[in-house]
Amino acid sequence: MTRITREAFGNAFRDALIHASFNLRPDILAYFKRLRDEAVQDTHKETVNIFIDNSIAACAEKRGVCQDTGYVQLYLRIGADTVVECDIQESADRITAEVYSSMFLRASIADPITRRNTSTNTPVFVHTETGGGEGLEGHIMIKGGGSENLTRTAALLPTMGKNDIAGWVIEQVLAAGSKGCPPYLVGVGIGGTFEKAVHWSKRVLLRTLGETGMTDDEREIAGEIMTETNRKGKGFQGMRFAETVMGVQVRTIPCHIATLPVAVSIGCNAVRQARFVI
Amino acid sequence: MIKKLNVPIRDEEELLQLEAGDMVRLTGIVYTARDQAHKKMIEGIEKGEEPPFDLQNNLIYYCGPTPPREDGLFGSAGPTTSARMDKMTPQLIERGIRGTIGKGERSPDVLEACRKYRAVYLAAFGGTGAYLAKRIKKQELVAYPELGAEAVYKLEVEDFPVIVAVDSKGKSIL
């Protein structure tokens, strides 16, 4: 039996939240460096360099990687024989409010009707699953509003196949243009229920660029989306060079015989995240 | 080649020679305004009130920065998505605004307003807020403090990098 105290959870969550806020994902930083080295035109090289310099300034000077310091999403897996001795929502909200205020991060959460800012950047959006090995594993994702506005869902027909699904996703990504800060991470959830499709479309954005482990069908769909969006898209920041999409991850879940829910989530180039384990 | 643009626009030639696709560095004054500040400005103008800053020859930056730090400056201050302001932009251009700065595509109406009133739309790099904040040398709160990050700030910028996304002929690269 593993017991996780309020203090242990709070410390791990706080460290991960601070790390995520000021550090570009290492795989994305490596991707930018490769683009810079491969860039032919000087203006392209200079453009990509601005993104690299940005990540250096963010980390060294504790500046938000992006001024949209986002909403905080917390994915938790509570393992077998594990007890968390605190109210996770309360702890996560309290620490988020404290970190955003003390580290000069922007409070970006408002009442949907009055638009009055909660001024704490809370609530944190918590997803919990159970199972797996003993202990607790958490992933923090900090996502901005520009890319969030590009999330799309569709009720496709159960008689439709891989090409139709990929075709619909390609349309959505191309329609997003450069509004959500390309190069994009594209996450696709296929099946389940509507909320599960959306949930997984966003959750797979946490995967590292080029991460393997998809099924053959998932990989085939991801490959087609990657190829076509980069063939037809507008490239890095809409500037017609390099790539529109830097990675595609797909997750399929069994669904009702009458349905085929599909969701696509877009991660901007500055999607921030961190993992913690207790 | 990287062009220079001094803002607000005093030398019209500098603005008119910009072409869609040019990389430009801005130096001078810009005003931040995004969703809620636009809504308030437009509501005020429709009631016959004076806008919170002189629109004539000025540029608007769609930006909601992180809070000022110990040095009094924002830690991170990159562009937000411009399309959300599309419905309100032509009215502001008609009243003297010569440029807007943001990220992503604009509507045909904004392109037409740029052509008709010889204004530009400049794309700043989305996701480089830390870098761009370092190009801001001074900031001053101008209006709507109750909007927090969405308030109108007067910014003094130096060598602030942008791409001409829509030029004064209404030509767009996005």
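The values are calculated or read from the model by the stated rules, or taken from the named source; none is laboratory data. Fair warning: this is a prediction, and the values are worked out from it, not measured in the lab. All Cβ positions, glycine included, derive from the backbone under ideal geometry; neighbour counts span all protein chains shown. All accessible areas refer to the heavy atoms of the entire protein, side chains included, with ligands and DNA or RNA removed. Shrake-Rupley method; radii C 1.70, N 1.55, O 1.52, S 1.80 Å.
Quick grid of which residues meet (1) within 25 Å of A:GLY180 (Cβ to Cβ); (2) open to solvent by 40 Å² or more (accessible area, probe 1.4 Å); (3) touching a strand residue (DSSP E or B) at 6+ places or on another chain (Cβ under 7 Å):
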residue: B:MET23; (1), (2), (3): yes, no, yes
residue: B:ILE45; (1), (2), (3): no, no, no
residue: B:LEU55; (1), (2), (3): no, no, no
residue: B:LYS87; (1), (2), (3): yes, yes, no
residue: B:GLY104; (1), (2), (3): yes, no, yes
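Applying the selection to the range B:83-133, what residues are of a type outside the set (A, V, I, L, M), part of a strand (DSSP E or B) and away from chain A (no Cβ under 14 Å)? It would help to see each step written out before you state the result.
Within the range B:83-133, the subset of a type outside the set (A, V, I, L, M) is B:84, B:86-87, B:89-91, B:94-96, B:98-100, B:102-109, B:112, B:114-118, B:121, B:125-129, B:131.
Checking the rest, the ones that are also part of a strand (DSSP E or B) come to B:99-100, B:102-103, B:121.
Passing the criteria: B:GLY99, B:THR100.
The listed residues are A:THR69, A:THR96, A:THR82, and the only one of them that is touching a strand residue (DSSP E or B) at 6+ places or on another chain (Cβ under 8 Å), within 30 Å of A:THR244 (Cα to Cα) and assigned by TED's automatic domain parsing to the domain that holds A:HIS139 turns out to be A:THR69. Scanning the range A:203-212 turns up at least one residue that is surrounded by fewer than 21 Cβ atoms within 10 Å (Cβ to Cβ), among the aliphatic types (A, V, I, L, M) and either farther than 27 Å from A:MET239 by Cα or out of contact with any His (no Cβ under 7 Å at 6 or more places or on another chain) (or both).
Within the range B:110-132, residues that are without any contact (Cβ under 8 Å) to a residue 40 or more places away in the chain and of a type outside the set (Ser, Thr, Tyr) have Cβ atoms under 7 Å from residues that are buried (at least 24 other Cβ atoms within 10 Å of the Cβ) and assigned to a loop (DSSP other than H, G, I, E, B) in these pairs: B:ALA113/B:ALA119, counting only partners at least 6 apart in sequence or on another chain.
Scan the range B:106-148 for residues that are among the small types (Gly, Ala, Ser) and out of contact with any strand residue (DSSP E or B) (no Cβ under 8 Å at 6 or more places or on another chain) and jot them down.
First, pick out the residues of the range B:106-148 that are among the small types (Gly, Ala, Ser): B:107, B:113, B:119, B:123-124, B:126-127, B:129-130, B:133, B:143, B:148.
Within the range B:106-148, B:SER107, B:ALA113, B:GLY127, B:GLY129, B:ALA130 meet the criteria.
Counting the residues of the range A:65-103 that are farther than 25 Å from A:GLU137 by Cα, free of Cβ contacts under 8 Å to residues at least 60 places away in the same chain and buried (at least 19 other Cβ atoms within 10 Å of the Cβ) gives 1.
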